[in-house]
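To start, the structure under review is shown below, and the notes come after it.
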Amino acid sequence: MSYDGKIFPVIFTDLDGTLLDHNTYAWDKAEPALARCRAAKIPVVMVSSKTRAEMEPLQLELGLEGPFITENGGGVFFPGKGALKPPPEAEPAGLLYKLTLGVSYSKLCRALDETALSFNLKMTGFHNMSIKDIMQLTGLSLQQAEKAAKRDFDEPFVLDPSTPCEDEKLRKIFREQGLELSIGGRFYHVHGKADKATALDKVAAWYKTNGFQVISVALGDSQNDFSMLGRADYAFYLGKGPVPAEEVPGVIQAAEPGPSGWNRAILDFLTELPNMGAINNPNQME
């Protein structure tokens, strides 16, 4: 695996609302850029709140061969075969190797239930929902919803409007328990200290240990992507709202949201890439 240049780009991408359409989950409009990446053997690393059960089939559909990051950075899965050996701290998990960064799912569920009770909040996590409930909230099929429920490191939940709580107050409540709150396109998420940026660092370090001069590119559309966007060398924001310039200095606004915007952003980046051959630590794209 190598890129014919002085630097080795690694693309880290959120899924829903970024590489995948927010409503249909389709990714076909991003295929031209994905094909360019596959041809040049540039890794596209999926980074999502989705589970391994959801992401593994998608990895095959998209023709991706490298690592992928699950449940908002709680786990990183590395290929079991290939030229690069998985990190020594990763453990065998079927045909893959799993690097655990998050806390146990049972702890998250317990914390959510106890917080709801203590603060009189109507919070419903996936563990409290039936598969039918998950289908209705997400638009997923039965099989997809079953995969979404197989969680290890992150608990999505909804907060009933009848018991409102400010985001920062809720974040503080969970932080006092050693946990973090992230806000995605559809759900709140409670998880451990590890986030998408933590997982990005692990994957980038893995490539660097294998001799690659890594340049990281990140794409996302919501608050729970900000840590990852802020950590990457280049960041593209595909959200519909204003560019989060204060939270992510130097972030680039994509021309449009979803897979169409993803496609344009990556094709433009790849066009500029030959001019970056001598750059070691780029801060922004000219």
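Coordinate-derived values only; no laboratory data. The shown structure was predicted, so the numbers you read here are calculated from the model rather than taken from an experiment. Every residue, glycine as well, gets a Cβ built from its backbone with ideal geometry; the counts of neighbours run over all protein chains shown.
Other residues with beta-carbon under 14 Å from the beta-carbon of Glu176 carry, at +1 per Lys or Arg and -1 per Asp or Glu, a net charge of +2. Residues whose amide H comes within less than 5 Å of that of Glu256, counting only those at least five positions distant or on another chain, are Gly261 (H built at 1.01 Å from N in the peptide plane).
For the chain, DSSP calls about 55 percent of its internal beta bridges antiparallel. Simple point charges give the picture: +1 on the Cβ of Lys and Arg, -1 on the Cβ of Asp and Glu, and for the chain a dipole about the Cα centre of about 600 debye.
Extension gain, Glu168 to Asn120: 0.36 nm times the residue separation minus the Cα-Cα distance gives 15.6 nm. Taking all Cα-Cα distances within region 33-154, those exceeding 22 Å account for 44%.
Using only alpha-carbon positions in region 121-207, the gyration tensor eigenvalues give semi-axes of 24, 21, 10 Å once each is multiplied by 5 and square-rooted (largest first). Summing Lys and Arg as +1 and Asp and Glu as -1 over all other residues whose Cβ lies under 9 Å from the Cβ of Asp16 gives a net charge of -1.
Computed on the chain, with alpha-carbon pairs under 8 angstrom and 6+ residues apart, the relative contact order is 23 percent. Count Lys and Arg as plus one, Asp and Glu as minus one, and take only other residues whose Cβ is under 12 Å from that of Leu267; the net charge is then 0.
For the pair Arg186 and Lys132, label points projected 7 Å from Cα toward Cβ lie 1.8 nm apart. Over the chain, with a Gaussian network built from C-alpha contacts below 10 Å, which listed residue (Cys109, Cys165, Cys37) shows the highest mean-square fluctuation? Between Cys109, Cys165, Cys37, it is Cys165 that shows the largest mean-square fluctuation. Does region 156-269 come out rounded, prolate or oblate by the C-alpha gyration tensor, with a ≥ b ≥ c the root eigenvalues, rounded set by a/c under 1.5 and, if not, prolate when a/b is larger than b/c and oblate if not? Oblate. Charging the Cβ of each Asp and Glu at -1 and of each Lys and Arg at +1, and nothing else, the dipole of region 147-208 about its Cα centre rounds to 320 debye. Listed by chain and number, the aspartates and glutamates whose C-alpha is less than 18 Å from the C-alpha of Lys98, apart from same-chain residues fewer than 8 away, are Glu54, Glu56, Glu65, Glu71, Glu89, Asp152, Asp154, Asp195, Asp201.
Per-residue ellipticity at 222 nm, computed for the chain from helices alone with -39500 (n - 2.57) per DSSP H run of at least four residues, works out to -10000 deg cm²/dmol.
I'd like to know which of Trp27, Gly261, Cys109 lies farthest towards the positive end of the charge dipole of the chain, counting +1 on Cβ of Lys and Arg and -1 on Cβ of Asp and Glu. Positive-most Cα among the choices belongs to Cys109.
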